[in-house]
Amino acid sequence: MNFMLGITPWPVASALLWIILVISALYLARATAHKAIRAMAAALHQSFRSASRAVAKSERNLAARNRDVLLAAGREAKERIIEREFDRINDTVRKDLSNYSALHRALSESIDRIEKDHQQAVDVPPDPPGWVKAVEAVAKIETREGRGGIGSVLSDIHKSLVKAHKEAMQAYQVASGERHKLLRKMRPDWRKIQQTLTRVGKNVDSLLSRSVTIDRHMQEYEDIVRGHDRAVSALSSSSLVNFFISAFVLVVAIGGATINFSLIARPMAEMVGGTSLLGGYRTADIAALVIIMVEISMGLFLMESLRITRLFPVIGALPDKTRVRMVWITFTILFLLASVEAGLAYMREVLLHDELATSALLRGDDTATATTQYLWITTAAQMGLGFILPFALTFVAIPLETFVHSLRTVVGLIAISFLRVVSLLLRLLGSAFRYLGALVEQIYDLPLFVPLWLEERMTRNAAAESGLTKEARS
Amino acid sequence: MRTILSIVLLSLLASCAPEAQRNTGVYMLLDTSGTYREELNKAEQIIRYTLSRLDATDTFAVARIDTGSFSEKDIIAKSSFDDRPSAINRQKRLFAQQVSEFVGSVRSSPYTDITGGVLQAIEYLNEKNPGNKTILIFSDLKEDLDAGYVRDIDFELDGFEVIALNVTKLRTDNVDPREYMGRLETWQSRVEKAGGQWRVINDLDGLDGLL
């Protein structure tokens, strides 16, 4: 510093001299420096833009892959749903329409019976009254022929009419009674027909509603096959929902497994010793964990063999006979392990009480050793838990499958979002460097305001002079 | 592939490596001389407390201090606890019963051979070789040897912790407290010179830090 200020006897003059020198140098190098700054900024801008484009391309590729995965998963799921709907329709048709001939025969028989009864129940028209002719004959008797005997004739007619009317009425009542009887006989047949038709109607309605469902699923399936954005969006949101729900259920299952572990870890020490260590962990704990893992594995195989889940294609592709055999084998192993766990849970309770009794004895507390009469409840509860939890853990396979399948999509979505953010950041950085270059150029020019001002004045004067010369010439 | 295999094999080997011993060996000496015999009920409480603190594979022995304590015959009860919890509980109950019977039937001894007892404790614990070795001395630390017994022997207490419990003050200590302090200092120097750690616990209500 002293050297710099000592180039002239006056430091101020030295400083001024240095300033003039530096500004002159900067002014002379201005064009080159501006070029260098621009080149640097452009290079950085281009690099970041290229990186951003590359990341964006990766993001697009990943999105396309994710879309394919999503569509494939959706297609598979939809196929399963449609397949199941068809199975249900098949069951309905087989169950209800297989006895259609019997139904038809029953209906025909009922209708025949009704028809026959109906024919028999036709209202018989009453015989024309016999007394009409008798009245006509009485009317034709001439006065001259004398009507003295008419009174007796009319009396006879009246009698016979009353008698005939009585008989007709009786016959009519009998006939009506018969008809009513026949109509009454028809009533159960009508009811039967009505019931049968109602049942048939219900089945047809069920088939119709199923066909509507299948239509809807088929429409969605077609959308998936055609790769419509709407289908992708629906599958994506469904996948996210599935992911969170299955994750929640898995957390619950982990809680169950932890309880299961605490039930069997202590009594395991009786079998494998309480102090031996394996890799820094108690062997008893590891053994308990292994038992739980084996149970979960058996549960997975059981679910797979039952074709409830499809995590292992090999098991699903097995012949039915082998698969059923596998179902029984896995179930038996699971049952045995559950029984072992129930035994261990009982052992745990026994050990706990033994330990409590020993502690009480060592403390000199005699009252603590007395056992309560309700102790069997906790023992039974623990044994029940020990037996049920392995079977309950079997159902972990279902959320696990959903979790695994939805995880691919969710991880893909997260990766896409990440790449999108990185691409945006890189693009922003690229732009920032471009503007930074312009800013650095301006900052470079800032100390050069005097020469630049002079330059501008000189340029303006030169321009003015050249304008005047042109005018003079013209 | 080879690297992964090597890592897996190394992990397996590391997991199979023998673990450092974490078990505890406790040898308790009970002074049965003179009036100190009346303190044995307190000793029984300490033994029960110690039993409650010990776990699988730990070793515990209780021996009496009498005229000649360097003998296995003076061991009242001893046990190396099993690996299985049910067996441990059984052993503890049996141990407590043996001690209880001893406390009920013990007769006071005319002499007090603490050094012989400590030597016996060292031998016993070295033979069992637990991870932590502790000698509990339930005594007033007043050694009184019979004629002919040679006990000016240096201990080998490297890795041992020696805890004096319930070091009561004798009538003569009240007259001249230096005698009491001198006894404590003598034993402390003997133990520490032999490479051991020395502690005194007189407040039997605060046994939490015993083991």
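The values are calculated or read from the model by the stated rules, or taken from the named source; none is laboratory data. Keep in mind that this is a model prediction, so the values were computed, not measured. All Cβ positions, even for glycine, are placed from backbone atoms using ideal geometry, and neighbour counts span all protein chains on display.
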Can you tell me which condition B:Lys42 does not meet? The list is (1) under 30 Å from B:Lys169 (Cα atoms); (2) outside any strand (DSSP E or B); (3) at pLDDT 90 or above, and all the others hold.
(3)
Can you tell me which condition B:Lys169 does not meet? The list is (1) in contact with a Phe, Trp or Tyr (Cβ under 6 Å, 6 or more places away or on another chain); (2) not in a loop (DSSP other than H, G, I, E, B), and all the others hold.
(2)
Somewhere in segment A:277-296, is a residue under 25 Å from A:Pro399 (Cα atoms), in contact (Cβ under 8 Å) with a residue 24 or more places away in the chain, away from chain B (no Cβ under 14 Å) and touching a Lys or Arg at 6+ places or on another chain (Cβ under 7 Å)?
no
Residue by residue through segment A:224-276, note down the ones that are within 14 Å of chain B (Cβ to nearest Cβ), in a helix (DSSP H, G or I), crowded, with 17+ Cβ neighbours inside 10 Å and not acidic (Asp, Glu).
A:Ile264, A:Ala265, A:Arg266, A:Pro267, A:Met268, A:Ala269, A:Val272
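Does A:Ala42 meet the test of being touching a residue at least 60 places away in the same chain (Cβ under 8 Å) and part of a helix (DSSP H, G or I)?
Yes, satisfied.
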Which of the residues belonging to segment A:308-334 are under 24 Å from A:Gly256 (Cα atoms) and touching a helix residue (DSSP H, G or I) at 6+ places or on another chain (Cβ under 8 Å)?
A:Ile308, A:Thr309, A:Arg310, A:Leu311, A:Val327, A:Thr330, A:Phe331, A:Ile333, A:Leu334
For B:Thr35, indicate whether it is surrounded by 18 or more Cβ atoms within 10 Å (Cβ to Cβ) and more than 9 Å from chain A (Cβ to nearest Cβ).
no
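Is segment A:397-409 home to any residue that is among the acidic types (Asp, Glu) and within 14 Å of chain B (Cβ to nearest Cβ)?
No, there is no match, as no residue in segment A:397-409 is among the acidic types (Asp, Glu) and within 14 Å of chain B (Cβ to nearest Cβ).
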Exception for B:Glu192 within (1) closer than 20 Å to B:Leu54 by Cβ; (2) surrounded by fewer than 20 Cβ atoms within 10 Å (Cβ to Cβ); (3) modelled with pLDDT of 85 or more falls at (1)
When only residues in segment B:80-90 that are crowded, with 19+ Cβ neighbours inside 10 Å and assigned to a helix (DSSP H, G or I) count, which is farthest from the other protein chains (Cβ to nearest Cβ)?
B:Ile88
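Condition check ((1) within 14 Å of chain B (Cβ to nearest Cβ); (2) of a type outside the set (Phe, Trp, Tyr); (3) part of a helix (DSSP H, G or I)) across all residues:
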| position | (1), (2), (3) |
| --- | --- |
| A:Arg325 | no, yes, yes |
| A:Ile329 | no, yes, yes |
| A:Thr332 | no, yes, yes |
| A:Phe335 | no, no, yes |
| A:Val340 | no, yes, yes |
| A:Leu344 | yes, yes, yes |
| A:Leu351 | yes, yes, yes |
| A:Asp354 | yes, yes, yes |
| A:Ala360 | yes, yes, yes |
So which of A:Leu419, A:Leu454 is more than 30 Å from A:Ala72 (Cβ to Cβ) and either surrounded by fewer than 11 Cβ atoms within 10 Å (Cβ to Cβ) or outside the structural domain of A:Glu349 (by TED's automatic domain parsing) (or both)?
A:Leu454
Matching entry among B:Leu54, B:Leu13 (being within 12 Å of chain A (Cβ to nearest Cβ), closer than 27 Å to A:Glu270 by Cα and modelled with pLDDT of 85 or more):
B:Leu54
Test: residue in segment A:238-257 that is closer than 30 Å to B:Asp55 by Cα and among the hydroxyl-bearing types (Ser, Thr, Tyr)
no
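Let's see how each residue does on (1) among the β-branched types (Val, Ile, Thr); (2) within 14 Å of another protein chain (Cβ to nearest Cβ); (3) buried (at least 16 other Cβ atoms within 10 Å of the Cβ):
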site: B:Thr112; (1), (2), (3): yes, no, yes
site: B:Ile135; (1), (2), (3): yes, no, yes
site: B:Asp140; (1), (2), (3): no, no, yes
site: B:Phe160; (1), (2), (3): no, no, yes
site: B:Arg178; (1), (2), (3): no, no, no
